[in-house]
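The values are calculated or read from the model by the stated rules, or taken from the named source; none is laboratory data. Quantities reported herein were computed from a predicted structural model and do not represent experimental measurements. Because the Cβ atoms are built from the backbone with ideal geometry, glycine has one as well, and the counts that use them run over all protein chains shown.
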Amino acid sequence: MDFLKKHYEKIILGIVLVAMAGGAAFLPIMISRERNDLKEKSDAIINRPVKALPPLDLHEAEAALARASTPLTMDLASSNRVFNSMPWQKRMSDGMVIKNVEGNTGPSAVIATNPVPLNTIISLDSVTTTDTGSRYVISVERQAATSVTARRKKQFYASLNAKNEAFVIREVKGPPESPTELVLELNDTGEKVAISREKNFQRVDGYLADLRYEPEKKIWNQRRVGDSIRLAGEDYNIVAINKNEVVLSAKSNNKKTLIRFGANS
């Protein structure tokens, strides 16, 4: 007890120093733990996950741009009647007055029907044998020719490699006096074709067409390229006919009008 009485102050001081040393040793651990807690809280606030924004709706803006890119046009020719008055025409068939608009009158109102092909036909008619060799009677019919005379069937007495106005015989297959086939070279196209007694050569070179014009009740049958018709007080030439269409050309200004078969019927 005497020891405690004599040295209690030192003992208390030692305990306090030990406690302070322990506190000083534990302080870095507390600081590190606190720092980690603060960092976790700041990260939770600052670096929290952000939800992606929905895509922008640009539908109205794109529609506006599309409208702006389309030029505004005003039709002052076909529908406007302030600056372009509409002509009227008296129909010759019944005297009725009708609007003279595109499709009602003029060449665009013509109806084309019944396309008939015009062929070039080449056939072997007969074979004649003489002392000088065999000759072949070959007929040529050009249905699309411009003149009536040229359309008639014409016979040629031909021999091998002898040129005439229509063709040249380039090859005779089989016996010359009774060939199985003749190979001809055509003068107009240079193509080589084969004919025999059983097989003709045929090529479409044009068409005929029937035309009708209802406003004046006019009908033109079996018309061909080169023919002319008169309608709505003007003359027109037929400048082309194929299996799909007829082309008319106005004599006054060479303006061409395309008419498809059956388009206006």
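So that you can scan it fast, the table gives a plain yes or no per residue for (1) modelled with pLDDT of 80 or more; (2) part of a helix (DSSP H, G or I); (3) assigned by TED's automatic domain parsing to the domain that holds LYS243; (4) surrounded by 11 or more Cβ atoms within 10 Å (Cβ to Cβ):
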site: PRO28; (1), (2), (3), (4): no, yes, no, no
site: VAL50; (1), (2), (3), (4): no, no, no, no
site: PRO54; (1), (2), (3), (4): yes, no, no, no
site: GLU60; (1), (2), (3), (4): yes, yes, no, no
site: THR73; (1), (2), (3), (4): no, no, no, no
site: ALA77; (1), (2), (3), (4): no, no, no, no
site: MET92; (1), (2), (3), (4): no, no, yes, yes
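Across region 118-146, the qualifying residues are those that are more than 51 Å from the chain's Cα centre (by Cα) and either outside any strand (DSSP E or B) or of a type in the set (Gly, Ala, Ser) (or both), and the one among them that is surrounded by the fewest Cβ atoms within 10 Å (Cβ to Cβ) is ASP131. Taking interchain pairs and intrachain pairs at least six residues apart, which have beta carbon atoms under 6 angstrom, with the first residue in region 127-150 and in the same structural domain as LEU182 (by TED's automatic domain parsing) and of a type in the set (D, E, K, R) and the second surrounded by 11 or more Cβ atoms within 10 Å (Cβ to Cβ) and part of a strand (DSSP E or B)? From region 127-150, the pairs are ARG135/THR128; ARG135/TYR157; GLU141/ILE121; ARG142/THR120. Looking across region 207-219, the residues that are assigned to a strand (DSSP E or B) and either farther than 21 Å from GLU245 by Cβ or not acidic (Asp, Glu) (or both) come down to TYR207, LEU208, ALA209, LEU211, ARG212, TYR213, LYS218, ILE219. Of the numbered criteria (1) closer than 30 Å to LEU208 by Cβ; (2) part of a loop (DSSP other than H, G, I, E, B); (3) not aliphatic (A, V, I, L, M), the one PHE156 fails is (2).
Residues that are under 16 Å from ASN187 (Cβ atoms) and β-branched (Val, Ile, Thr) were ranked within region 147-171; the one that is surrounded by the most Cβ atoms within 10 Å (Cβ to Cβ) is ILE169. Taking the conditions (1) within 38 Å of the chain's Cα centre (by Cα); (2) more than 26 Å from ALA240 (Cα to Cα); (3) touching a residue at least 40 places away in the same chain (Cβ under 8 Å) in turn, VAL204 satisfies each one other than (2).
Every residue in region 151-177 that is β-branched (Val, Ile, Thr) and without any contact (Cβ under 8 Å) to a residue 24 or more places away in the chain, please.
Pass one, region 151-177, residues β-branched (Val, Ile, Thr): 168-169, 172.
Within region 151-177, VAL168 is the sole residue that qualifies.
Within region 220-236, being surrounded by fewer than 17 Cβ atoms within 10 Å (Cβ to Cβ) and in a strand (DSSP E or B) holds for ASN221, GLN222, SER228, ARG230, GLU234, ASP235. Among the conditions (1) surrounded by 13 or more Cβ atoms within 10 Å (Cβ to Cβ); (2) closer than 17 Å to THR146 by Cα, the only one that ASP210 does not satisfy is (2).
Reported count of residues in region 159-190, each being closer than 25 Å to ILE241 by Cα and assigned to a loop (DSSP other than H, G, I, E, B), is 5.
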